[in-house]
Amino acid sequence: VLLVSGEPHPGTRTWRNLLKSDSSVDLVHFTILRPPGKQDGVPVDELSLIAFPTRELFLEKIDDFDLIIFDRYKRRGILPSSYLDNIARYVEDGGAVLASAGPDFATVNSLYRSPLARVLPVEPTSRIISKPFVPRLSEDGLRHPVSAELPSPDSWGRWFQQVQVIPKSGTVLMTGVEEQPLLILDRVEQGRISLIASDHTWLWDRKFEGGGPQLELLRRLAHWMMGEPELEEEALTAEQFDGTVRILRRTMGEAPHEVLITSPSGAISRHSFAPRSKHGAYEAIFESEEQGLFHMEIPGLKGVFAMGPSSPKEFENPLSTPEILKPLTAATGGGMFWIADGLPR
C-alpha cells in the first residue's frame, strides 16, 4: 500500500496507525513537508528531507502496489499530469485508489482538475460545508459488506467538515450534512476507486463524543479496494453444520429466487432463498444423504461445497502401525514387513 499525505494533519497518524497495525499490509508512506513553491531560504543541501521519488513510484513501480491512498493531497507541481494520467491507467488496469478529500478537493488545485478525474466517481461543487453532523449509512450502505456489519450510528460522534460532491457513478455508502454523499465506492473497468468527502475520520480515532467504528470501517474499505473475496457485493457461499448446509447469498440487487444444486450422483434439486437479515443477505437450507462435492449455481454465480464428516474414519489415525493386523497375522501364521526394509520374497 502506498500512502501519500499532501500535508501533515491530525488524520495522517490515523491512516498510518491503521495500515501499520495490519500484518498483511506492507506500507510505503510519504508526507509532503516542503512543496516546491515554498521559499524559506534554506539551501537544499542543508535539508534533512528526502526528495519525493515520483518517477520511481508513479511510473516504474506503480503496478507493484495493490492500493494507493491520497490523504488530503492537492496539485502543487509535485506530480505532473503525465504521472496522474498513469495513475488513472493503473486503476483501469486493475489497481485501486482511495482518496480522503480535504478542503483542497473543492479548489482549483483539486485532484479532480487533473487526468485522474476520468476515474473519480464524483465531481466537487467547490462548496465546503462546515457544520457538525453525524455520518449515516445510506440504503446501499446498510446492504454493502463494507459497512453493513458496522455498529449502530446512534453511538457515533460528530464530524465538522465535508466537501460537497455530485456522484457521477458508483455506490454511496454513507451520507453527511444535508444527506450529501460522504463515502462513495466505484469500479472502473478492472480496478476500484473510492472517495471519502471529509478528512475528519480521525475524530473517531480520538474518541471525540464517543468516537465511532473508524478502525473497522477503514480496514474493511481498504480490503475491499484490494479485492478481499469476503467483502464482494455479489457472493454465493456455503456453510456446513453436521448434515445440513446453509447456502448464503449476498447481493446489492433484487432478492434471489432459488439456487440449483447438483449432487455427486448427478441429481439436481432447487432450493428457495429466504431473507437472513434486512441487509441484503439471504439463505437456503440444503440436506442430503450423499457425501462428496456438490455444485451450486444461480444466474451469474457458481460455487462448490463438500458434504461429509469433518473427520472421516480413515483420517482418525493415519500413521502406519502393525498393531491393528497383529491378531490376524498371528492366527494365520503370516507376517508383516516394512517396505523400507525391503520387499519379502
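Values in this text are rule-based calculations from the coordinates and carry no lab data. From a predicted model like this one, the values you see are computed outputs, not experimental measurements.
Per the Cauchy relation, a quarter of the hull surface: what is the mean projected area of the convex hull of the alpha carbons in the chain, in nm²?
Details: hull surface 115.0 nm².
Mean projected area of the Cα convex hull: 28.8 nm².
For the pairs Lys20/Lys131; Lys20/Lys207; Lys74/Lys131, note any where the Cα-Cα span goes beyond 25 Å.
Pairs exceeding 25 Å: Lys20/Lys131.
Quick check: the angle from helix 81-92's long axis to the longest principal axis of the chain, C-alpha only, nearest 10 degrees?
Relative to the chain, helix 81-92 is tipped by roughly 30 degrees.
Just from its helices, what would the mean residue ellipticity at 222 nm be for the chain, if runs of 4 or more DSSP H residues each count -39500 (n - 2.57) and the sum is divided by every residue, rounded to the nearest 500 deg cm²/dmol?
-4000 deg cm²/dmol
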